[in-house]
Amino acid sequence: MFDFYGKRKIFFSISVVLVVATFLFAAIFGVQLDIQFKGGSLMTYTYEDNVDFNVVEKEISTLMGKINVNVQHGESAANGVKTFTVSLAQKEGLSPDDQIKVNEKLVELFPNSKIEVLSVNNVDATIGGEFLKKSIIAVIVAAIIMIIYIGIRFRKIGGWSAGVMAVLALFHDVFMVFAIFVFFKIPLNDNFIAVILTILGYSLNDTIVIYDRIRENERSMSRKLPLAEIVNTSINQSLGRAFGTTFATALAMITVAVVAGLYGISSIITFAIPMIAGIVSGLYSSVCITGPLWVVWENKFPSKNNATREKR
């Protein structure tokens, strides 16, 4: 039986190092915001062939004064027409004159690709700010509901503290998703919020399974046993199920990422890769962080149900 509680300092240290490294990287290189959060313009074009999207991003960014430019490309499912969308994240949308400059630059770069404007949409920065605010509120409300749910369901083992530790581990997973966006320089967009909300529910599932096993072992094992031993036993008993679920889900997302990569669907790739990281982090936090962290708290501030238990 693996001693997860005994190795808690190693697990906690790994998480702390990753968090600090992410903060330093973000502080030095900055965090990119996509048009949904920052505002700007979306310009969609049709084309036939031979468009280098890396060149498009570089040249349009230089033309518009080094602003953040992101290109997503795909193919219309209805008629098979190839399209790409240029996102220019800035506080104000492009003026008609700037739109003409961008169009002329694209034709100049790829004269034989028959590039034509399909649509132009400006996104106000205020709308992006409101979207970000509502997204943060949604995450906070979800966290509060989770604490209440765990507190009620597992009240016999000191539910509110178990809920708080579970939510702290969930924020660890959220931060690991954020780290992927930062390290890979993926602009924060609606995919970021979608991944976070998905991971909050997914990661909590493994934690609930472990807590449920702890509650069952509390009834069947001796009350004289240290809480750390009961938690270790419960984690080891739940490990096979947690690993199997994570492996199957991660494999499915890897397949999605590979297929999206083959077809050049960047919007799906920027969802799938952070999602894979969140799934793996969810397993790690549920198994290696939540239980040991809860034992540390209960040993220092024991709840009524654990006040008479021997400590180790």
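A short reminder: the numbers here are calculations on the coordinates, not readings from a lab. Everything numeric here is computed off the predicted structure, so don't read it as measured data. Every residue, glycine among them, receives a Cβ derived from its backbone with ideal geometry; neighbour counts consider all protein chains shown.
Taking a cut-off of 18 Å between Cα atoms, list the aspartates and glutamates near Lys133, but don't count ones fewer than 8 places away on the same chain.
Output for Lys133: Asp34, Asp124, Asp190.
Run down the lysines and flag those whose C-alpha is under 25 Å from the C-alpha of Lys134, throwing out any fewer than 8 positions away in its chain.
Counting by Cα, and skipping residues close in sequence, Lys134 has these lysines nearby: Lys38, Lys91, Lys185.
Once you have the Cα-Cα distance between Asn54 and Lys300, take 0.36 nm times their residue separation minus that, and quote the gain in nm to one decimal. Kindly include the intermediate steps, with their values, before the conclusion.
Numbers: separation 246, 0.36 × 246 = 88.56 nm, distance 5.46 nm.
Result: 83.1 nm gained on full extension.
For segment 40-122, what is the relative contact order in percent, using Cα pairs closer than 8 Å and at least 6 residues apart in sequence? Mind dumping the intermediate values first?
Details: 134 pairs, mean separation 40.3, N = 83.
So the answer I get is 49 percent.
Net charge around Ile208, counting only other residues with Cβ within less than 11 Å of its Cβ (Lys, Arg = +1; Asp, Glu = -1)?
Result for the neighbourhood of Ile208: +1.
Loop only by DSSP, 13 or fewer other Cβ within 10 Å of the Cβ. Give me the GluC sites (Glu not before Pro) in segment 1-62 that pass, ordered by residue number.
When the GluC sites (Glu not before Pro) of segment 1-62 are filtered for loop state and at most 13 Cβ neighbours within 10 Å, Glu48 remain.
Evaluate the distance, in nm, between pseudo-label points positioned 7 Å from the Cα of Lys224 and of Asn122 along their respective Cα→Cβ axes.
7.8 nm
Please compute the contact order of the chain in relative form: average sequence separation of alpha-carbon pairs under 8 Å and at least six residues apart, divided by the residue count, as a percent.
Details: 443 pairs, mean separation 74.8, N = 312.
About 24 percent, as a whole number.
Which of Phe178, Phe25, Phe192 moves most in a GNM of the chain, Cα contacts under 10 Å?
In the Gaussian network model the winner is Phe25.
When we measure straight from the Cα of Lys9, which lysines land under 20 angstrom away, once same-chain ones fewer than 8 places off are left out?
Partners within reach: Lys300, Lys311.
For the chain, give the share of DSSP beta bridges that are antiparallel, in percent and rounded to the nearest 5; count only bridges with both residues there.
Numbers: 23 of 25 bridges.
Beta bridges within the chain, antiparallel portion: roughly 90 percent.
Given an 8 Å cut-off on Cα distances and at least 6 residues of separation, report the relative contact order of segment 86-216 as a percent. Write down the numbers at each step before the final one.
Numbers: 67 pairs, mean separation 23.3, N = 131.
18 percent.
Of Ser238, Ser286, Ser119, which has the largest mean-square fluctuation in a 10 Å C-alpha GNM of the chain?
Ser119
Of Leu42, Leu168, Leu225, which has the largest mean-square fluctuation in a 10 Å C-alpha GNM of the chain?
Leu225
Quick one: net charge around Asn122, please, counting Lys, Arg +1 and Asp, Glu -1 for every other residue with C-beta under 12 Å from its C-beta.
Details: positive: Lys91; negative: Glu92, Asp98, Asp124.
Here the charged neighbours net out to -2.
What number comes out for the charge environment of Ile147, summing +1 per Lys or Arg and -1 per Asp or Glu over other residues with Cβ under 13 Å away?
Numbers: positive: Arg153, Arg155; negative: none.
Local charge sum for Ile147: +2.
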